[in-house]
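The values are calculated or read from the model by the stated rules, or taken from the named source; none is laboratory data. Computed from a prediction, not measured in an experiment: that's the story for all the values here. Reconstructed Cβ throughout: ideal geometry from the backbone, glycine too, with neighbour counts over all protein chains shown. The protein model used for the area step is the full one, side chains on, heavy atoms only, and it has no ligands, DNA or RNA in it. Shrake-Rupley method; radii C 1.70, N 1.55, O 1.52, S 1.80 Å.
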There are 2 protein chains.
Amino acid sequence: MLRTHTCGALNISNIGEEITLSGWVQKNRDLGGMTFVDLRDRYGITQLAFNMDFNIALCTAARKLGREFVIQISGKVIERISKNKNISTGEIEIEVRELTILNKSKLPPFTIENDTDGGEEIRMKYRYLDIRRNPVQENLMLRHDVAKATRNYLDNQGFIEVETPYLIKSTPEGARDFVVPSRMNERQFYALPQSPQTFKQLLMVAGIDKYYQIVKCFRDEDLRADRQPEFTQIDCEMSFIEQEDILITFEGLIRHLLKEVKGVELNEFLRMTYDAAMQLYGTDKPDIRFDMQFIEMNELCQGKEFEVFDRAELVVAINAKGCTNYTRKQLDKLVDFVKTPQVGATGLIYCKYNEDGTSKSTVDRFFDEDARNAWAAKAGCEKGDLLLIMAGGTQKTRKALGTLRLHLAEELGLRNPEEFAPLWVLDFPLLKWDEDSERYHAMHHPFTSPKPNDIPLLDTDPAAVRANAYDLVLNGNEIGGGSIRIHDKDLQKLMFKHLGFSDKQAKEQFGFLMDAFEYGAPPHGGIAFGFDRLCAIMGGKESIRDFIAFPKNNAGRDIMIDSPSDIDEEQLKELNIRLL
Amino acid sequence: MLRTHTCGALNISNIGEEITLSGWVQKNRDLGGMTFVDLRDRYGITQLAFNMDFNIALCTAARKLGREFVIQISGKVIERISKNKNISTGEIEIEVRELTILNKSKLPPFTIENDTDGGEEIRMKYRYLDIRRNPVQENLMLRHDVAKATRNYLDNQGFIEVETPYLIKSTPEGARDFVVPSRMNERQFYALPQSPQTFKQLLMVAGIDKYYQIVKCFRDEDLRADRQPEFTQIDCEMSFIEQEDILITFEGLIRHLLKEVKGVELNEFLRMTYDAAMQLYGTDKPDIRFDMQFIEMNELCQGKEFEVFDRAELVVAINAKGCTNYTRKQLDKLVDFVKTPQVGATGLIYCKYNEDGTSKSTVDRFFDEDARNAWAAKAGCEKGDLLLIMAGGTQKTRKALGTLRLHLAEELGLRNPEEFAPLWVLDFPLLKWDEDSERYHAMHHPFTSPKPNDIPLLDTDPAAVRANAYDLVLNGNEIGGGSIRIHDKDLQKLMFKHLGFSDKQAKEQFGFLMDAFEYGAPPHGGIAFGFDRLCAIMGGKESIRDFIAFPKNNAGRDIMIDSPSDIDEEQLKELNIRLL
């Protein structure tokens, strides 16, 4: 061992001990008679003291140590004169007797500090230096802690971690697969799993009863901001259960994680149907850390000859508590915001409820004091509040108002990253209409079971069929989603039919699963959590990239190792493929 | 929940309770007045009793239940008349009140019993039925337990699990890569990792200090028996350590695993150099559960005009204790065995030391009683022993005798699967000569550090350079291997040069690592364990396939899901590739 202690281990109780440390030079201060070096490793920082009077050669050598040099020192632990009470090693320093340079370092392209001067691009290229910074290292340790607590909880609940294969089979349903040409099976391809969905269902058929896995998944999609082509999932499945059992079990998981890793005791997990979430928040993943629910205003707003309202399918508002003092400039900015392509609305109507009891809206021409007071009564507006109203097609308007709601909450500081508000969203629709292919697609995936009572609607009103499907939402992010699965071959066949599969296609792609259903498949269901996202939210951050050791950029490239890259002609030939 | 208890939970203490169980019909015995059904799940078997007198309709329904039907029953726990003391539920049965068929089952293509009638091929095709069998389920649970104990040990030692990427970069060094065409980066490819080697080294440069991961790795090699294109590794790396620290840390891991999972306390971990292992056992992974070390006999065997010995580079023997009573037929079979292509020897000479003190060899013409007694003295042969001698080129002869040694031990029952004998093999050669490419290859990989004193030999006698590399051998299997790495850019450059890399190639393939070495890389080293193999050995089995939930066959195919498979023309076009 090239050290007796780490750089975070020594304190006042070690005074007088002869020790050896190894680490990186964080800082080097030459004060003339004395030189102080901050030595850093994963565990902390220890101050090294070199004295010109005591040993000129050693002190001179210490002065030449550059940032990020790797050194090993031996010496005695002594008490510091000027103590630093903020760190555990702050009361001691090392009187150095021996110094060995283990490796030199060029000057890093950015500072290895909590607040670095390096931009995203350069930090990604030198990710191994970026990870030396505390905030990144803490993120990776948080991720480790979350994984560990997840496993402990699920192990205690009797779940078995089973590894499912990575080289599987391509299926055109869902997102685009990454494929892997097979050399031994000419002209054929494996696919990387988008999730272990079918395998975990087969494990239920196999009697594993409770399965989990923390597992990489792959999707070859055009990368929006903060999406990664490879990402990690906590994947779970249970047999002989109903929806309620899943909700209880995984409420327990999230409760355990927040407790163990963050010391946070969660309140009750609220539940809400998909329909209610859309109606009250305009999204299926509402952030309920703050109120600002939608108020539908058609009744009070229509028939007053204001055409924007009159021709709208939906007139809907939110009450921005205490925002009546927004300046004209702030209000104009809100209007501009809703008109950005990101939101896509045509306008925003507002009404100020002043402290003096009067009110003023942008549509006073159509709505008099009484009308405005009726709005206030419905929306719960009091003196000092600001009512924001949007109108138009139901879906579009809800979505736009939902975006405005989050934007406002952000502005008002209502999205506290240290507060955690979980919410189950239930009863998702089974199907959604796809404009491009002009057919229904599975909202979750084709293995989700419809609510038994809704099955007859498959033929008459497919969009109205609800599924035994649920999402767990945390702070406005979907952190997990799942469903009770179909375990009956005939029902699965019916689903494939409604999803536009021919019998042949269904058999080719999922024949193995339907075969399995004929040999005693138990009722089962499960859930999967986006592990990167969960870690980011628990770390109080927005970007998952900060919680991945070696992320890829928006073009799917690892700019550190410069991948993907060209491969040899020879390799292509062995795989029986040619570039176009 | 579709049950109040599992099928392994109920016992005499539950008598009188009203319970609900769900599970699979294991067996159905119609005894006229009574019908007994064995209900099975992951946790055990519970006997269900149906009584014709008590409820005709129910009992009639029970009689019709086929094997592997999935049912739910409710009823009362009662005491059994004829008890089965071998299982925890053996003293009770359920007087069934209600029966629901949750799913029917076709007759399975093989019996779901510990000893099934199904062959390998059919069991793989219906792997989800195979896994229902106890021995397979136990293997998967053992694997779960080994993973869990591994994580607990490493967590306690301060290791952090960090996930490294799966979509990385192809490097022609080592085995063949699986590659993944990139759609977004036209005409370029990712590669799946053969191991996270470079990433874990970068994590050391990044200051992670102690890293581990239980991780899938991929090699596109022609599959010998019991190799898988995807396999799992326990991958570890540490900074500021020396070889001794790694040996101690991972001795601790294996000790912990055997203790936790098998209840076995391991003795001392023996250590042996690679040279000694080759000399004493003819292999770098000796099985030391039994003795039978090689005895080199050149001195005693040569110069007696027996040409086979005289022209041999090496004459070497093993003492098969107590085997003098081998019949002529048994001895002939040994001779035949060594002549098989698997062993590849030209012959085998033996000498029996009879109980009456006489001896008899196949070469008595050249070696008289005195000579044979001299052999016995050297080889420690006593009355009743059988000396087996081989001669020829050193490498080939050692290898052949090593194979014979294992074969004999197998025959003699010396390879007890419940005994565990670990051994460190140290000081591996750095390089090995490759006949095909007519150059030296890295024996482990190009990042392994040579022993400092041996570096000058790189130019003069490359084969003699020893590495700081070590393997952990358990019961004749290499379960782990690793090395102290190079952390110095110049030394790494020198290594690439000796491995025949041009500067350009080295930069293209490993430039990121050599760059990293310029920014303060700490001394570091690590080890990786073959997780599938480790589980197999701990489970007392030879084949890793039994310990993988969904293994591939020898052609790299998953015959259950029928993968790899064709993919759409459209998919190929998006990836800018064409089939040859």
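Residue B:515 meets each of the listed conditions (1) open to solvent by 20 Å² or more (accessible area, probe 1.4 Å); (2) within 9 Å of chain A (Cβ to nearest Cβ); (3) closer than 18 Å to residue A:191 by Cβ; (4) not hydroxyl-bearing (Ser, Thr, Tyr) apart from (3). Evaluating residue B:396 against the criteria (1) modelled with pLDDT under 95; (2) under 36 Å from the mean Cα position of the chain (by Cα) leaves one unmet condition, (1). Would it be correct to say that residue B:233 is more than 10 Å from chain A (Cβ to nearest Cβ), at pLDDT 95 or above and in contact with a strand residue (DSSP E or B) (Cβ under 9 Å, 6 or more places away or on another chain)? Yes, satisfied. Out of region B:64-101, which residues are assigned to a loop (DSSP other than H, G, I, E, B), acidic (Asp, Glu) and closer than 14 Å to residue B:11 by Cα? Scanning region B:64-101 gives a single hit, B:91. Look at region A:391-403: where a residue is in contact (Cβ under 8 Å) with a residue 12 or more places away in the chain and closer than 23 Å to residue A:415 by Cβ, no partner that is among the acidic types (Asp, Glu) and open to solvent by 50 Å² or more (accessible area, probe 1.4 Å) sits 6+ places away or on another chain with Cβ atoms under 6 Å. Going through (1) within 32 Å of the chain's Cα centre (by Cα); (2) farther than 18 Å from residue A:103 by Cβ; (3) more than 12 Å from chain A (Cβ to nearest Cβ) one by one, residue B:495 falls short only on (2). Scanning region B:1-35 for residues that are within 13 Å of residue B:93 (Cβ to Cβ), in contact with a helix residue (DSSP H, G or I) (Cβ under 9 Å, 6 or more places away or on another chain) and not hydroxyl-bearing (Ser, Thr, Tyr) gives a single hit, B:34. In the set (1) modelled with pLDDT of 95 or more; (2) in contact with a Gly (Cβ under 8 Å, 6 or more places away or on another chain); (3) among the aliphatic types (A, V, I, L, M), the condition left unmet by residue B:52 is number (1). Is there a residue in region A:185-206 that is within 29 Å of residue A:571 (Cα to Cα), outside any loop (DSSP other than H, G, I, E, B) and within 7 Å of chain B (Cβ to nearest Cβ)? Yes: one or more hits. Note on region A:342-385: residues that are buried (at least 20 other Cβ atoms within 10 Å of the Cβ), in contact (Cβ under 8 Å) with a residue 40 or more places away in the chain and over 36 Å from the mean Cα position of the chain (by Cα) amount to 2. Considered as a group, the residues in region B:62-89 that are among the small types (Gly, Ala, Ser) and within 13 Å of residue B:49 (Cα to Cα) include one that is most open to solvent (accessible area, probe 1.4 Å), and that residue is B:82.
Counting the residues of region B:246-268 that are surrounded by 15 or more Cβ atoms within 10 Å (Cβ to Cβ) and either among the hydroxyl-bearing types (Ser, Thr, Tyr) or without any contact (Cβ under 8 Å) to a residue 60 or more places away in the chain (or both) gives 2. Selection over region A:190-223 of residues that are out of contact with any Phe, Trp or Tyr (no Cβ under 9 Å at 6 or more places or on another chain) and without any contact (Cβ under 8 Å) to a residue 12 or more places away in the chain gives a count of 1.
Taking the criterion of being open to solvent by 50 Å² or more (accessible area, probe 1.4 Å) and more than 10 Å from chain A (Cβ to nearest Cβ), the residues of region B:1-27 that qualify are B:4, B:11, B:12, B:13, B:15, B:17, B:18, B:27.
Determine whether region B:283-306 contains at least one residue that is surrounded by 15 or more Cβ atoms within 10 Å (Cβ to Cβ) and within 26 Å of residue B:524 (Cβ to Cβ). Within region B:283-306 (the criterion being surrounded by 15 or more Cβ atoms within 10 Å (Cβ to Cβ) and within 26 Å of residue B:524 (Cβ to Cβ)), the answer is yes, since at least one residue qualifies. Out of B:279, B:243, B:228, one residue alone is in contact with a helix residue (DSSP H, G or I) (Cβ under 8 Å, 6 or more places away or on another chain) and more than 10 Å from chain A (Cβ to nearest Cβ). It is B:279. Residue B:108 meets each of the listed conditions (1) out of contact with any Asp or Glu (no Cβ under 6 Å at 6 or more places or on another chain); (2) in contact (Cβ under 8 Å) with a residue 40 or more places away in the chain; (3) crowded, with 16+ Cβ neighbours inside 10 Å; (4) not in a helix (DSSP H, G or I) apart from (1).
Pairing residues of region B:559-580 that are within 7 Å of chain A (Cβ to nearest Cβ) with residues that are of a type outside the set (Phe, Trp, Tyr) and open to solvent by 80 Å² or more (accessible area, probe 1.4 Å), at Cβ distances under 6 Å and at least 6 apart in sequence or on separate chains, gives B:560/B:125; B:576/A:580; B:576/B:186; B:576/B:187; B:578/A:578; B:578/A:580; B:579/A:187; B:580/A:578. Within region B:526-558, being at positive phi and within 11 Å of chain A (Cβ to nearest Cβ) holds for one residue alone: B:556. Being of a type in the set (Lys, Arg) and farther than 19 Å from residue B:327 by Cβ holds for only one residue in B:383, B:378, and it is B:378. Can you tell me which residue within region B:159-176, out of those that are at pLDDT 95 or above and in contact with a helix residue (DSSP H, G or I) (Cβ under 9 Å, 6 or more places away or on another chain), is farthest from the other protein chains (Cβ to nearest Cβ)? Among them, the one singled out is B:159.
Scanning region B:345-369 for residues that are of a type in the set (Gly, Ala, Ser) and assigned to a loop (DSSP other than H, G, I, E, B) returns B:345, B:347, B:357.
Any chance region B:181-189 includes a residue that's surrounded by fewer than 23 Cβ atoms within 10 Å (Cβ to Cβ), in contact (Cβ under 8 Å) with a residue 60 or more places away in the chain and of a type in the set (Lys, Arg)? Scanning region B:181-189 turns up at least one residue that is surrounded by fewer than 23 Cβ atoms within 10 Å (Cβ to Cβ), in contact (Cβ under 8 Å) with a residue 60 or more places away in the chain and of a type in the set (Lys, Arg).
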